[in-house]
Structure formats: structure tokens, C-alpha cells
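Working notes, structure below.
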Amino acid sequence: PASETSTVDAAALETLRRVFGYEQFRGQQAEIIERVIRGGDALVLMPTGGGKSLCYQIPSLLREGCGVVISPLIALMQDQVDSLAALGVRAAFLNSTQDPAQRADVERAYLSGELDLLYLAPERLSLESTRALLDRGRIALFAIDEAHCVSQWGHDFRPDYLGLSALHERWPTVPRIALTATATKATRREIVERLDLGSAREFVSSFDRPNIQYRIEPKQQATQQLLRFIRAEHDGDAGIVYCLSRNSVEKTAEFLEANGVPALPYHAGLPASVRASNQARFLRDDGIVMVATIAFGMGIDKPDVRFVAHLDLPKSVEGYYQETGRAGRDGLPSTAWLAYGLQDVVQQRRMIADSEGSEQHRRNLSLHLDAMLALCETIECRRVQLLAYFGEPGSPCGNCDTCLQPVQGWDGTVPAQKLLSTIVRLKREHNRQYGAGHIIDILLGKQTDRVSQLGHDSLSTFGIGADLGESQWRGIVRQLLAQGLLAVTSDGYGTLTITERSAAVLRGEHEVRLREEASRPTRSAAKRRA
Ligand code: ADP
Ligand code: ZN
């Protein structure tokens with residue numbers, strides 16, 4: 001009945017204002033909270049920074065008993081509990097970092113009904129002792145945070161999450177709310193299936209983050225490009241720079257420091273105390289740039305991160321979206337900047353070929369990568385493409401690089417044929433295959449030592465690509481790799497080979513559309529102009 005609805009709504013709003021100090025609910029928060037307070041299940045898809053926490057915190061306060069929150073972010077539980085305590089909310093956590101006495105305290109508080117919220121690591125919940133404990137108290141609800149971790153084909157799988165389907169069997173009347181910031185239709189289906197959430201109502205918020213400007217540029221000298229970008233647009237701002245390897249994290253942080261940008265490294269190989277203090281400085285001080293592997297950032301709530309830069313290609317669109325989503329949580333203009341080059345494609349294709357696991361698993365990683373590559377190579381609005389990936393329609397945004405500086409497509413069939421036939425001839429006449437560098441030398445007609453030693457200057461394709469420059473050729477190789485018209489062998493040397501689909505190009509049956517690379521001024525050209 002309507003009157004009951006408004007009582008629930010009024011209580012929720014009163015709690016929002018009194019406890020959390022906010023005036024209004026955002027987006028679908030009110031509907032989600034009402035649903036859970038009434039005992040219904042919910043699946044909440046909301047972008048990072050959208051305000052998911054309140055969706056289970058307020059129902060936990062308003063329902064009888066204690067809200068049990070399952071979260072993989074053990075490192076953040078202390079912070080979460082502390083900030084709730086500061087608001088007067090009685091919260092605690094149970095995880096492997098505590099000693100038995102600390103755990104006993106929390107258990108006692110739970111049993112005597114003194115807790116509003118209890119945070120649990122998923123592996124705790126697989127222990128019968130934990131389940132028995134929960135049985136002896138009163139559970140208000142289960143909140144399953146980062147619910148995409150249940151997806152085996154997703155990018156963030158945690159085996160412990162699979163055990164969470166047992167929640168519903170053991171406590172059929174306790175409402176469950178699953179939350180995630182990452183969900184394609186396929187992940188969503190998997191969450192529903194694996195967590196047995198068939199009865200859940202789905203709340204899907206828009207994934208658009210209009211204040212984030214998306215930019216992807218060809219990689220030349222990545223750290224120099226990064227420095228130029230920071231100096232030109234984000235001098236003195238807080239930002240996050242993602243690198244693939246620990247080594248490049250450290251080098252990049254040193255490089256930025258040496259050039260007057262306050263930067264700190266963060267990766268799993270650093271001692272825990274260093275990680276903690278770097279993270280604390282990043283959160284506390286102004287204008288720090290955190291250079292990190294993707295180990296950094298999950299659950300970090302710093303509203304004024306003005307840019308997120310990627311020096312290496314993310315493995316999936318989900319990852320890219322989640323990482324870039326850490327910029328601009330305060331709604332102010334921010335930049336997502338990615339430098340991407342041929343080597344990224346070569347490296348990632350090789351990592352997939354070398355990865356453990358089933359053929360199906362590798363195919364899945366490839367599909368993730370293909371979608372990411374399509375986003376990099378698109379000549380249409382980045383945001384439209386990004387949102388389309390999450391099943392959301394949109395129109396050109398005016399706030400991404402391709403909208404701001406439209407990119408032309410061009411017919412690259414002839415250069416593609418020159419390149420592919422060079423590979424075919426090398427294989428046929430010399431019975432060997434080579435990497436991009438050597439093949440481009442042949443196309444350009446360069447008399448390198450290697451070319452003359454191997455006699456490759458006698459190939460009929462020697463010098464037929466001299467109408468283009470080296471960087472243009474690298475761009476073409478990259479795009480052909482991205483389109484699956486070239487492949488990298490798994491020998492670890494970036495050796496290129498043709499694919500089944502290249503045959504149609506060589507026969508002239510398939511037109512190759514390429515992206516016109518923005519011609520960037522070379523160093524000397526820039527100097528001359530200055
Ligand atoms: P998520 O978990 O979806 O990434 P959070 O729950 O951490 O997002 O919320 C992001 C930020 O927005 C937090 O600082 C939170 O306090 C704030 N917030 C959430 N809901 C509201 C609201 N209704 N009004 C104002 N601020 C809010
Ligand atoms: Zn756009």
C-alpha cells in the first residue's frame with residue numbers, strides 16, 4: 001500500500017540526512033533501498049562513485065539485526081569501518097588480519113546485537129564456524145560487494161565467491177543485495193546464475209561519466225608523452241598512472257619525480273608498509289601522482305583524482321572503464337588518457353598465447369582484448385563505443401578525442417596487401433618469419449646489415465612501401481593486428497604471421513579500413529616552429 005511505501009521512504013530519507021548528512025538520494029538509491037528494506041533481493045549495477053554503499057548501509061540500519069557485507073577488499077575494511085564509526089554507525093569486520101582476541105570481540109558484539117554492519121571476507125563465510133556464528137545472531141541482509149568477482153570469465157575472478165550461492169540455501173528469508181560497477185550483459189547473467197539471484201530486481205544505472213574526457217593516442221615515447229600531458233593539462237593535480245609491470249611502475253615514478261612531478265610508486269612487490277604509506281599520502285596530500293599496477297585503486301575513494309593515465313593497454317574494456325572511473329568522482333572535469341602502440345598488441349597477444357588454462361579461457365581473454373582494441377582503433381565517439389559495450393545507447397559526446405578532433409578512415413587495402421605479401425614471400429622464399437621491425441625495413445627499402453646478410457633486398461616487395469613512413473607502417477601493423485588480419489606467433493619474439501582472414505585481403509576480396517593517425521610534429525619540427 002502507498003502509505004507503507006511512504007513510511008519506508010521517509011525513514012530512509014531521514015536516515016540519509018541524520019546519519020550521513022546528505023540532502024537527497026542520488027539516481028536509483030531510494031528505490032533500491034526501499035526494495036531491500038522490504039526484504040526483496042536486488043542486483044545493483046552502478047558505476048564507481050555512484051553511491052552503492054548507501055544502498056546496503058541504510059537498509060542495514062533500518063532493518064532489524066546486522067547487515068553482513070561480503071567484500072574482497074580486506075585492505076580497506078579498517079578504513080570503511082572507521083569512517084562509519086565517525087558517523088556513529090556501529091560497524092566491525094572479520095578477516096584474516098585479526099588476532100583471535102580481536103575476532104572474539106567482534107563476535108561478541110555481533111551476538112549481543114551491538115552491530116549495524118559486519119564486513120566479512122568471502123573466505124570467512126566458507127567456514128562453518130562463521131556460518132554458525134551468524135546463525136546465533138540476527139542477520140538484517142547480505143550485501144555482496146564487487147559481485148562481478150563471481151564471474152569466471154570476467155577479469156577479476158575470486159574462487160571464494162562461488163561459495164556465496166549457499167547464502168540463499170541456508171538463509172532463504174534474508175534479503176540479498178549484490179553490487180558491482182562492472183557488468184556487461186554476460187557478466188550480469190553470470191552473477192544472477194551463480195549467486196542464485198533469479199528473484200532479484202535489477203537496477204541498472206547509466207554508466208556514462210560525462211565529466212571524464214576519453215583520449216587514446218598512439219604511443220611513441222610513452223613517458224615523455226605522459227609528462228607533456230601532465231604539464232600541459234594537469235600541473236599540480238592528483239592523478240593515477242597505470243603501468244603493466246612493477247619495473248615500469250618504479251621507472252615511471254622516478255622519471256616523473258626527476259621532472260618535478262610529485263609521484264609515488266605502488267605495486268604488490270613493495271613492502272606492505274611502503275604501500276600503506278604511499279596510499280595514505282596519495283589520499284591525504286594534494287597533487288600526488290600515484291604510479292601503480294592495477295593492484296591499486298579498487299575501493300579507493302578519492303573524489304578529486306583529475307586524471308587517470310594508462311601507459312600500457314588494459315586487458316579488457318571492463319578494466320579500462322573501472323580504472324578510468326577513478327577519475328572525477330566529484331563530478332568535475334577530468335581526463336582518461338591512454339597511450340597505445342604496436343608493442344602493446346604484440347605483448348598482450350603473446351601473454352594470452354602463453355597463459356595457463358583451457359582453450360576456452362584463452363578464447364575469452366582474446367575476446368576481451370579484441371573489444372579493447374576496437375575501442376582504441378575506433379574512428380567514432382569513444383564514449384558511444386564504451387557505453388555500447390555495456391549495452392547502453394548513446395550519441396556522440398563532444399568530450400572525447402574522436403569527437404573533438406574527428407578522425408578520418410582511409411582505404412588501407414593496398415598497403416595491407418604489400419605488408420601481407422612481404423610476409424608470405426619471406427615464408428615461401430626464405431622459409432622464415434620475422435617481427436614488425438624487419439618487415440618494415442624491407443618495405444621501406446632500407447639496406448640494413450640484416451637485410452643484406454639475409455639477401456632480403458632481392459625480394460620483389462623490397463622498397464615497395466617507401467611512400468609511407470616508418471611510424472605509419474607501425475600504425476598499419478598495429479591496426480592489422482587489432483583487426484585480426486595479422487597474428488603474433490608464440491615464440492616470444494613478436495614474430496608476425498598471416499591469418500586465415502588475411503587471405504581475403506591478398507585476393508582483393510576484403511577492403512581494409514584504417515584509422516588516419518594524427519600526424520604528430522616530430523621533435524625537430526616542433527622546435528623549428530617554436
Ligand atoms: P561506489 O561504492 O558506488 O563507488 P560510494 O558508495 O563509495 O560509491 O559513494 C561515492 C561517494 O558519493 C561517497 O563519497 C559517498 O559518500 C557519496 N554519496 C553517495 N550517495 C550520496 C548522496 N545521495 N548524496 C551525496 N553524496 C553521496
Ligand atoms: Zn565522443
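Throughout, read-outs are computed from the coordinates displayed, never taken from laboratory work. If you're wondering where the values come from, they're calculated on a predicted model, not measured in any experiment. In this analysis, Cβ positions are derived from the backbone assuming ideal geometry, glycine residues included, and neighbour counts consider all displayed protein chains.
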Q: Taking the Cα centre of segment 2-88 as origin, work out the dipole magnitude from +1 charges on Lys and Arg Cβ and -1 charges on Asp and Glu Cβ, in debye rounded to 20.
A: 80 debye
Q. Where does helix 100-111 land angle-wise versus the long Cα axis of the chain, in degrees 0 to 90, nearest 10?
A. 60 degrees
(Q) On the Cα set of segment 1-90, report Rg and Dmax in Å, please. (A) 13.2, 43
**Q.** Cα-centre dipole for segment 259-383 with unit charges at Cβ (Lys and Arg positive, Asp and Glu negative), debye to 20
**A.** 180 debye
Q) If you count, for each residue, the other Cβ atoms within 10 Å and average over each peptide, how do 236-246, 16-26 line up from highest to lowest? A) 236-246, 16-26
**Q.** Ala75-Ser245 pseudo-label distance in nm [points 7 Å out on the Cα-to-Cβ vector]
**A.** 2.1 nm
Q: Using Cα positions and a limit of under 12 Å, work out the aspartates and glutamates in reach of Lys418, with same-chain residues fewer than 8 apart set aside.
A: Asp467
Q) By counting other Cβ atoms within 10 Å of each Cβ, how are Glu359, Glu217, Glu380 ranked from fewest to most? A) Glu359, Glu380, Glu217
Q | Helix-only mean residue ellipticity at 222 nm for the chain, each DSSP H run of n ≥ 4 adding -39500 (n - 2.57), per residue, nearest 500 | A | -13000 deg cm²/dmol
Q.
Largest first and in whole Å, what are the equivalent-ellipsoid semi-axes of the chain based on the Cα gyration tensor, each being the root of 5 times an eigenvalue?
A. 49, 24, 22
Q: Specify the inter-centroid distance of segment 93-118 and segment 232-266, based on alpha-carbon positions, in whole Å.
A: 39 Å
**Q.** Ala10/Arg131 FRET efficiency (R0 35 Å; Cβ-Cβ; nearest 0.05)
**A.** 0.50
Q) Once phi is turned into θ = phi - 60°, what whole-Hz ³J(HN,Hα) does the Karplus curve with 6.51, -1.76 and 1.60 give for every residue of segment 465-482, x standing for Gly and Pro? A) x, 6, 6, 10, x, 4, 5, 5, 5, 4, x, 5, 4, 4, 5, 5, 4, 5
Q) In what sequence do Lys446, Lys185 fall when counting other Cβ within 10 Å, fewest first? A) Lys185, Lys446
Q: Evaluate E = 1/(1 + (r/R0)^6) for Arg90 and Ala388, where r is the Cβ-Cβ distance and R0 equals 60 Å; express this FRET efficiency to the nearest 0.05.
A: 0.85
Q. How high is the FRET efficiency between Val274 and Ser395 when r is their beta carbon distance and R₀ equals 35 Å, given to the nearest 0.05?
A. 0.15
Q | Point-to-point label distance, Ser112-Glu233, nm (Cα→Cβ direction, 7 Å offset) | A | 5.6 nm
Q | Net lengthening on full extension, Phe20/Thr489 (0.36 nm per residue, minus Cα-Cα) | A | 163.3 nm
**Q.** Three-way shape label, segment 442-496, alpha-carbon gyration tensor, a/c 1.5
**A.** oblate
Q: Compute the acute angle (0 to 90°) between the alpha-carbon long axis of helix 413-430 and the principal axis of greatest extent of the alpha-carbon atoms of the chain; round to the nearest 10°.
A: 70 degrees
Q. What order do you get for Arg170, Arg513, Arg383 when you list them from fewest to most C-beta neighbours inside 10 Å?
A. Arg170, Arg513, Arg383
Q) Which Cα, out of Leu120, His456, Thr402, lies furthest along the positive dipole direction of the chain (beta carbon charges, K/R +1, D/E -1)? A) His456
Q) With +1 on each Lys and Arg Cβ and -1 on each Asp and Glu Cβ, how big is the dipole of the chain about its Cα centre, in debye rounded to the nearest 20? A) 1080 debye
